[in-house]
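Read through the structure below, which is laid out as structure tokens, and then see the notes.
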Amino acid sequence: TKPSSSSSPSSPSSESKQKQKQKQKQQKEGDNDDEVSGMSEEERELDALVMSEEFKQLVEQVVNESTGTLTKKIIRRKLEKMLELDPDMLKSRKKKIGEYIDSFTEQE
């Protein structure tokens, strides 16, 4: 039989901790819906965009057309403007974008 919650003052909190652990396990296994499992629809779309061949070509275009000193941050900001994204929206993908930039600047 299941002990009643009044039998022990720690019962409700330990039940709650168990439920939290169960939920975390489900999230890791991907058994929950997308919002709960970690990546929102917007994040998945952003990932798809950054991983696309068109995006790589856009990075190359910005790198090649730019004159003067450029930083990776400036290139990201230019890409955000070109794609009509909110400022700093690509910041979470800066490592991948940096790899693209490096590959294009090494070719020169």
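The values are calculated or read from the model by the stated rules, or taken from the named source; none is laboratory data. Since we're looking at a predicted model, the values are computed, not measured. Here the Cβ is made from the backbone with ideal geometry for all residues, glycine too, and neighbour counts use every protein chain on show. What goes into the accessible areas is simple: the full protein's heavy atoms, side chains included, and nothing from ligands, DNA or RNA. Shrake-Rupley method; radii C 1.70, N 1.55, O 1.52, S 1.80 Å.
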Per residue, in Å², the accessible surface of region 69-108 once ligands and nucleic acids are set aside, probe 1.4 Å: 72
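So if we plug the beta-carbon distance of Glu99 and Glu41 into 1/(1 + (r/R0)^6) with R0 = 22 Å, what FRET efficiency do we get, rounded to 0.05?
Working: r = 25 Å, r/R0 = 1.13.
Given R0 = 22 Å and the Cβ-Cβ separation, E is 0.35.
In whole percent, how big is the carbon plus sulfur part of the accessible area of region 41-106, probe 1.4 Å, protein atoms only?
Ligands and nucleic acids excluded, carbon and sulfur reach 48 percent.
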Lysine-lysine proximity count for region 34-108, Cα under 15 Å, sequence distance 8 or more or distinct chains: 18
